[in-house]
Amino acid sequence: MNVKGIFERYKVQIDNDKIYDPIRQNYVHLTPEEFVRQKTIKFLIKRLGVPQSKIIVERSLNTLGVKGVKRRIDIGVLDEENLLIAVVECKASLSKNGEAAFIQAQDYLLKLNTRYFFITDGETFSGWYYDTIRNIPIDTIPKYNRWYYYPTSNEDNDKVQ
């Protein structure tokens, strides 16, 4: 899904070399990847209807129950029971490392037992649904209130295109 035009509409607060993160409620160092992360947070809230309280940022896999792994997820989305339902991997550019981002996100999905994983570079937003057997690419990203259901069964008005 092409999200460049959508992301361009979202305003972020930048002060010198810092960008405001509404989830962590403070300014963090501005990098190209952090810029994409902050635009993605806006996209999740405004376009997909994810409650801000259900978003986690830069969380260690250790704190999410995967022991002995020192990596972090960029963005996680919790379900109504506060269980991780999705992982979002943000990259400054997918043109150079799209395959690596896919493998990394897929690894997180399996280790964390999530249902969805998404990859974005601020221009494209790709998603996959894991049905306990395989990853299924999602052509149309469902809104958050439909994430408990198989993604292709959504009604048109519950999809983001």
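The values are calculated or read from the model by the stated rules, or taken from the named source; none is laboratory data. The structure presented is a predicted model; accordingly, all values stated were derived computationally and were not measured. Positions of Cβ are backbone-derived with ideal geometry, glycine not excepted, and every protein chain shown enters the neighbour counts.
Assorted remarks:
- Contact map, segment 105-130: residues that are more than 21 Å from residue 146 (Cα to Cα) paired with residues that are part of a helix (DSSP H, G or I) and modelled with pLDDT under 90, Cβ distance under 6 Å, separation 6+ or inter-chain. Pairs shown: 121/94.
- Residue in segment 89-98 that is surrounded by 14 or more Cβ atoms within 10 Å (Cβ to Cβ), in a strand (DSSP E or B), modelled with pLDDT of 80 or more and not charged (D, E, K, R) present: yes
- Yes/no for residue 110 being modelled with pLDDT under 85, touching a strand residue (DSSP E or B) at 6+ places or on another chain (Cβ under 7 Å) and over 17 Å from residue 58 (Cβ atoms): no
- So residue 56, is it at pLDDT 90 or above, within 13 Å of the chain's Cα centre (by Cα) and under 21 Å from residue 138 (Cα atoms): no
- Scanning segment 14-42 for residues that are assigned to a strand (DSSP E or B) and among the aliphatic types (A, V, I, L, M) yields 14, 19, 28.
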